[in-house]
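Participant: Take this structure first; my questions come after.
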Amino acid sequence: MTVSIDIGEMAGNARAGMDLEELLATRLLVQGNSGSGKSHLLRRLLEQSAPWVQQAIIDPEGDFVSLAEKYGHVVVDAVGTEKDLQMIAGRVRQHRVSVVLNLEGLDADRQMKAAATFLDGLFDADRDLWYPMLVVVDEAQLFAPAAAGEVSEEARRRSLGAMTNLMCRGRKRGLAGIIATQRLAKLAKNVAAEASNFLMGRTFLDIDMARAADLLGMERRTAETFRNLDRGHFVALGPALSRRPVSVKIGPVETAGRGGTHKLMPLPDQPKEEAKDLIFTRSADEEAPRRVRAPEPVASTSDVLTQLSGAEDAAGAEIEPAASLLDYGEREGTIDKIIGEILDEPDAAFQPIASLYQDFQVRCRIAKLAGGAPDLQAFREKLSVARAGVEKGDVDDSDWQQAELIAAELPEDMRGVYLLLAKAALAKAPCPGNIEIATAYGTRSPGRARWLLSHMEERGFLVCATDLRGNRIVTLTDLGWQTAPGDEAAA
Ligand SMILES: Nc1ncnc2c1ncn2[C@@H]1O[C@H](COP(=O)(O)OP(=O)(O)OP(=O)(O)O)[C@@H](O)[C@H]1O
Ligand SMILES: [Mg+2]
């Protein structure tokens, strides 16, 4: 039986037909720049062939779900697990139901994995279920990219494998690949090369034109005509279409797509100042970045026992009478001065804490510090703040108290860096570079600075963002303060 579907009109009002049986055996590639009418063409083809052949559409934009109402396609939303999707694909073959796999809203990586799973499911059907089926993939360059992109290697490998199977080995299993792409040069060559039918729409880029000419076995000069095609006009060539290249105007469709052309609309009247507010002010229903508390690490039994025995010791120890407030202030001042002197020594910022503490104890003895040197823990805290180079006098006191209050809740090793960032934020200064952060952390390694920031981000203390120029902005979540953009690599 020969079934020819009507895809549109050729020159001189002649109808352009497409031989469905031939199409099943020889596959189709559609190419044209955005807006050239590829999705419309696919829709025309699907609508015209719906009564004759089962169809599956891999639909990255949710464009084709409207086929469901008029033509009875079942929309498969990629919501379950991969296993579910694979089972559904198996049943699609078994029951010969036409479907739209709607991948709208998934990120590129997940779209690729879902498409691969579904295509593999169709492909792996038992031999007695190998009924003919059109498998339409819109935006095929997403699923069979010519080059590695930003997606994971696993997603790319799987998706490319499934597309290659569809186009190279699908025919035997009844699967006829129909793929559409905006950019031929972005589509994997082996996938494109398996189609014997072509519908070429408006194409601007030389590199795409050259690929098209190669595929069609045309002179490059002849392919130049693709540049001047109108929307909805395609050059058709191939065993299911025409032996010679002919120009076809694709006919109308019954169902509506989502995409389309946009009519110009007058802009709403708005004074300039208000427009600024609309964009830069957070509205009531938008959420401010919030601190997500990471679960506290679980203490080991031995930690708990040590803590308990420590508590007992403390209970037994004699509590020293409180020194007068005056003495306290003086003592703190002396400690700060000693720490300052230690950090003035070259390379002091990078010495191990134990040797710095020894040095500190000696200096306290020399200074005859009332009450003796503070313990290692207290020293660590003071040192981490001092390393960050934050002096109280630099900034507004009440704001600064808030920052110190929050910093005091943080793990001790993060405090100095937190205050360093707080100081920058308060002064509306650029976010410190990795070297400065590393130094405040007691290391020379910029990698450690990056690690520390992402660690602090995981714990919810701050949020790092990159502006369009690649500069880093840090928001301190609890304080709601933000640094100005700063170069990570700044010395
Ligand atoms: N043959 C045609 N007759 C009437 N309208 C058409 C025709 N072809 C395309 N259009 C209209 O042009 C617009 C763009 O077409 P379409 O969405 O098919 O482009 P596309 O090539 O798929 O673009 P993209 O690559 O961005 O998805 C749509 O509004 C569509 O309805
Ligand atoms: Mg489209």
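Participant: Find the strands (runs of 3 or more DSSP E) located wholly in the stretch 40-103 whose residues include 3 or more that are in contact with a strand residue (DSSP E or B) (Cβ under 7 Å, 6 or more places away or on another chain) and over 24 Å from Gly251 (Cβ atoms), and list them.
Facilitator: The strands (runs of 3 or more DSSP E) meeting that bar are 74-77, 99-102.
Participant: When you look at Glu82, is it within 16 Å of ligand 2 (Cβ to nearest atom) and not small (Gly, Ala, Ser), yes or no?
Facilitator: So Glu82 does not fit the description; no.
Participant: Shifting gears a bit: Is it fair to say Gln94 is out of contact with any Cys (no Cβ under 9 Å at 6 or more places or on another chain), open to solvent by less than 70 Å² (accessible area, probe 1.4 Å) and at pLDDT below 95?
Facilitator: no
Participant: Would you mind listing the helices (runs of 4 or more DSSP H) fully within the stretch 155-250 where at least 1 residues are crowded, with 23+ Cβ neighbours inside 10 Å and at pLDDT 90 or above?
Facilitator: By residue number, 189-193, 206-216.
Participant: Condition test on Asp107, is it modelled with pLDDT of 95 or more, more than 16 Å from ligand 2 (Cβ to nearest atom) and surrounded by fewer than 16 Cβ atoms within 10 Å (Cβ to Cβ)?
Facilitator: The answer is no for Asp107.
Participant: Same structure again: Which numbered condition trips up Glu61, out of (1) closer than 27 Å to Gly121 by Cβ; (2) within 16 Å of ligand 2 (Cβ to nearest atom); (3) surrounded by 22 or more Cβ atoms within 10 Å (Cβ to Cβ)?
Facilitator: For Glu61, the exception is condition (3).
Participant: Right, something else. Based on this model, can you work out whether Ala11 counts as in contact with a helix residue (DSSP H, G or I) (Cβ under 7 Å, 6 or more places away or on another chain) and hydrophobic (A, V, I, L, M, F, W, C)?
Facilitator: When the stated conditions are applied, Ala11 does not pass them.
Participant: A further question follows. Out of Gln55, Gln31, which single residue is closer than 30 Å to Arg244 by Cβ, under 33 Å from the mean Cα position of the chain (by Cα), within 16 Å of ligand 2 (Cβ to nearest atom) and open to solvent by less than 30 Å² (accessible area, probe 1.4 Å)?
Facilitator: Of Gln55, Gln31, the one residue that is closer than 30 Å to Arg244 by Cβ, under 33 Å from the mean Cα position of the chain (by Cα), within 16 Å of ligand 2 (Cβ to nearest atom) and open to solvent by less than 30 Å² (accessible area, probe 1.4 Å) is Gln31.
Participant: Give the number of residues within the stretch 1-16 that are in contact with a strand residue (DSSP E or B) (Cβ under 7 Å, 6 or more places away or on another chain) and in contact (Cβ under 8 Å) with a residue 24 or more places away in the chain.
Facilitator: Here the count works out to 8.
Participant: Within the stretch 422-475, work out how many residues are among the aromatic types (Phe, Trp, Tyr) and either open to solvent by less than 20 Å² (accessible area, probe 1.4 Å) or part of a loop (DSSP other than H, G, I, E, B) (or both).
Facilitator: Going through the stretch 422-475 one residue at a time, the tally reaches 1.
Participant: From the list Leu199, Leu241, pick out the single residue that is within 16 Å of ligand 2 (Cβ to nearest atom) and within 18 Å of Thr26 (Cα to Cα).
Facilitator: Going through Leu199, Leu241 in turn, the sole match is Leu199.
Participant: Could I ask something else about it? Can Gly486 be described as open to solvent by less than 50 Å² (accessible area, probe 1.4 Å), out of contact with any Ser or Thr (no Cβ under 8 Å at 6 or more places or on another chain) and modelled with pLDDT of 95 or more?
Facilitator: In short, no.
Participant: Identify, by number, the condition in (1) part of a strand (DSSP E or B); (2) buried (at least 22 other Cβ atoms within 10 Å of the Cβ); (3) more than 16 Å from ligand 1 (Cβ to nearest atom) that Ile7 doesn't meet.
Facilitator: (3)
Participant: Working carefully through the options Leu42, Leu24, Leu20, find the one that is in the same structural domain as Leu134 (by TED's automatic domain parsing) and within 16 Å of ligand 2 (Cβ to nearest atom).
Facilitator: Leu42
Participant: Is it true that some residue in the stretch 370-380 is modelled with pLDDT under 80, outside the structural domain of Thr439 (by TED's automatic domain parsing), open to solvent by 40 Å² or more (accessible area, probe 1.4 Å) and under 29 Å from Leu426 (Cα atoms)?
Facilitator: no
The values are calculated or read from the model by the stated rules, or taken from the named source; none is laboratory data. Here the structure is a predicted model, which is why all the values come from computation and not from measurement. For neighbour counting, all protein chains shown are included, and Cβ atoms are generated from backbone atoms with ideal geometry for every residue, glycine included. Ligands, DNA and RNA are stripped out before the accessible areas are found, and what is left, the full protein with its side chains, is counted by its heavy atoms. Shrake-Rupley method; radii C 1.70, N 1.55, O 1.52, S 1.80 Å.
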